[in-house]
Amino acid sequence: MNLLAMHFAISGTDISPVYLVTIGFLIGIMGGFFGVGGSFIAGPALRAIGMHWNFAVGTDLAHIVGKSIVAAKRHRALGNVDLRLGLIMAAGTIGGAECGAQLIQYLKHRGNVDFVVSIVSIVIYSSISIFIAWESSRTVRAQKRRGTAQIGRLTVDESSFEGLTKVMHRIPVWPVISLPTSGVKAISLWVIVVVSFIGGLFSGFLGGGAGYIRMPMMVYILGIPTHLAVGTDLFEIVISASYGTFSHALKGNVDILVALVMHTGAAIGAQIGAILTQYFAGPKIRLLFVPVPLVGVAIVTYTLLTGHKL
Amino acid sequence: MIFVIDEKAESSQKTFARFSSILRLAPFMKADTRKTLFSFLVELAVYTILITFYFFLVLHFLGSWLEGLGKESIKLYALVAITLIIGQAVLLEWVTTFLFRLLRGRSE
């Protein structure tokens, strides 16, 4: 086996396994820490070494399944997974992902899919970054003023958007359920379904797991503590990404050997990322999350301006 | 008794002390952090060796079989693909957790 270039016959590419393991490791740390799939980095990273986009998207999804299993299991051991919430969200995500994919098909027929998707992703990623930077820095400052800032998950998670969360919890649409693990006494099932559906819609429309939008929505709209949002999001990604992988594999878009090699790095990275969450309070995790969507903005802007895919 | 101070020897002693300090990961680093970092580096080394063997033994032999399967039956390939990634995830999660516990003597 050549460590500089191994031939992956399914996708017809020559890639260094060291490169794949390193990319997997870095994305694994990020995924375990923030609860995101990291597709906006993994996709371009696979594309950069000559893999076709269809294979990059499908293979990345397969690797996300493996990585999310490892990270979600670690988060579950740390008490950061709300299984009930995760299962409800998985159903909404799958429905949303299908609608997102249909939207892509519609834009394909109109012939302007690349431009529309690029503009939407730049606007969405930038807005998420700006919003979280504003909210989490405000919360951290308020905690410092009151002297309540503590380290890790011992802290009661706070957000500057608790007003919005309370309004969402008061929506009286049947059935109203409780989420004891997440500390939510009453919330309409439909609020959860709509939130996960929107996450799925972006997943189908922009690709990947869309954790960059689902994790903040879980914190600000559903009122889930950040540590639980990260863990539950990963659990939910296991189900929705498995569905996506199977669907892409049927279309011949998955080189499972590439995914397996990437995942060997991601497995240990995800464990490290999950353990690291113990050392940071919720608002600080959110603050550190700010540059993550901006990486996506940089990649999409570069592609849009130069016409070259990374 | 006369002691002859060898400047070269003194210099090499200083260099040794400096390297020892670096190897101890600097005095400002807490003992716990130093231990965690050391465990992590050992874990990473053990994991790298295991993974290299894994590449040789499993992926090398699976390659041609999977390629053939993808051409013969795409449905079976999709099923095998999802099973493989889930199976590997469970296996590696077990391996990494085992390494964490073995090297630190406790579960994190």
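The figures follow:
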{"quantity": "Rounded tilt (10° steps) of A:53-77 against the dominant C-alpha axis of chain A", "calculated": "40"}
{"quantity": "Per-residue average of Cβ from other chains inside 10 Å of A:233-244", "calculated": "1"}
{"quantity": "Shielding by partners, peptide B:86-98 (average Cβ within 10 angstrom, other chains)", "calculated": "6"}
{"quantity": "Rg ratio (alpha-carbon, reference 2.2 N^0.38 Å) - chain A", "calculated": "0.97"}
{"quantity": "Filter on A:K67/A:K166; A:K108/B:K75; A:K67/B:K71 - keep pairs with C-alpha separation over 30 Å", "calculated": "A:K67/A:K166"}
{"quantity": "Relative packing of A:14-20, B:51-57, which averages over residues the other C-beta atoms within 10 Å, highest first", "calculated": "A:14-20, B:51-57"}
{"quantity": "Longest DSSP-loop-exposure-free segment, trypsin sites (Lys or Arg not before Pro), chain A, at most 16 other Cβ within 10 Å", "calculated": "A:1-169"}
{"quantity": "Rg ratio (alpha-carbon, reference 2.2 N^0.38 Å) - the range A:1-132", "calculated": "1.22"}
{"quantity": "Mean ellipticity per residue at 222 nm, deg cm²/dmol - from DSSP H runs of n ≥ 4 across chain A, formula -39500 (n - 2.57)", "calculated": "-24000 deg cm²/dmol"}
{"quantity": "Kirkwood Rh, Cα atoms: Rg over Rh of the range A:1-58", "calculated": "0.99"}
{"quantity": "Inter-centroid distance (Cα atoms) of the range A:1-64 relative to the range B:36-84, Å", "calculated": "13"}
{"quantity": "Mean projected area (nm²) of the alpha-carbon convex hull when the range A:249-310 is viewed from all directions", "calculated": "6.6"}
{"quantity": "Using θ = phi - 60° and Karplus 6.51 cos²θ - 1.76 cosθ + 1.60, couplings along the range A:236-242 (whole Hz; Gly, Pro as x)", "calculated": "5, 5, 4, 6, 5, 6, 4"}
{"quantity": "Phi to ³J(HN,Hα) by Karplus 6.51 cos²θ - 1.76 cosθ + 1.60 over the range A:78-94, Hz, x for Gly, Pro", "calculated": "8, x, 9, 10, 9, 4, 4, 4, x, 5, 5, 5, 4, 4, x, 5, 4"}
{"quantity": "Average other protein chain Cβ within 10 Å of Cβ, residues B:75-84", "calculated": "6"}
{"quantity": "In order through the range A:286-301: 3J(HN,Hα) via Karplus (6.51 cos²θ - 1.76 cosθ + 1.60), integer Hz, x for Gly, Pro", "calculated": "5, 5, 5, 6, 3, x, 4, x, 5, 4, x, 4, 4, 5, 5, 4"}
{"quantity": "Distant-in-sequence amide H partners of A:G37 (H built 1.01 Å from N, under 5 Å)", "calculated": "A:G209, A:A210, A:G211, A:Y212"}
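Just so you know, all these numbers are worked out from the coordinates, no wet-lab data involved. None of these values were measured; they are calculated from a predicted model. Heads up, the Cβs are rebuilt from the backbone with ideal geometry, glycines too, and the neighbour counts pull from every protein chain shown.
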